[in-house]
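The values are calculated or read from the model by the stated rules, or taken from the named source; none is laboratory data. Just so we're clear, the structure is a prediction, and the values are computed from it rather than from any experiment. Neighbour counts run over all protein chains shown; Cβ positions are idealised from the backbone, glycine included.
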Amino acid sequence: MNKPTPPTDRSLRSPTARDPCLPSGWADRILLTGVTPSSTRYLGLLAVADGMTDDRIRAHVFVSGTVQGVRYRASTRDAVADRDVAGWVRNLDDGRVEAVFEGPEPDVEELIEWCHTGSPAASVDDVAVSYEDPTGESGFRVRW
């Protein structure tokens, strides 16, 4: 049994072939699956193409102790640079530092562990963590 050959003219293909959200080469892979742009499976394939797979987690972290005025936020940004993690970090009015880390589970868990020590001048008393559904954060920034 011969497989049908897809049209060579991209304009005759499914709208997925022209989807600017897809990385190079992914449109052809999706076309071969027979998935249409209106299907839930198409959205799942977009997420995989964009690197947002099920192994991504999101952790919301609150760090208390002497964590402000000791380069904790800058050190957090530096620690994130070595990992595939997105999110943000900021000081809170009550003296704590709040951060969100989103990425592959091993990288996020390493950062949470790092938070227990933080910057060299910090003295961490507690790290409270709650887990949330990933929201697709990209990049990492220090919030003011």
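Annotation note: of 101, 140, the sole residue that is in contact with a Leu (Cβ under 9 Å, 6 or more places away or on another chain), at pLDDT 95 or above, hydrophobic (A, V, I, L, M, F, W, C) and buried (at least 19 other Cβ atoms within 10 Å of the Cβ) is 101. For residue 120, the conditions (1) within 25 Å of residue 56 (Cβ to Cβ); (2) surrounded by fewer than 17 Cβ atoms within 10 Å (Cβ to Cβ) all hold with the exception of (1).
May I ask you to verify whether residue 79 is surrounded by 12 or more Cβ atoms within 10 Å (Cβ to Cβ) and closer than 25 Å to residue 55 by Cβ? It is true that residue 79 is surrounded by 12 or more Cβ atoms within 10 Å (Cβ to Cβ) and closer than 25 Å to residue 55 by Cβ.
Annotation: of all residues in region 82-97 being under 18 Å from residue 128 (Cβ atoms) and crowded, with 16+ Cβ neighbours inside 10 Å, the one that is nearest to the chain's Cα centre (by Cα) is 87.
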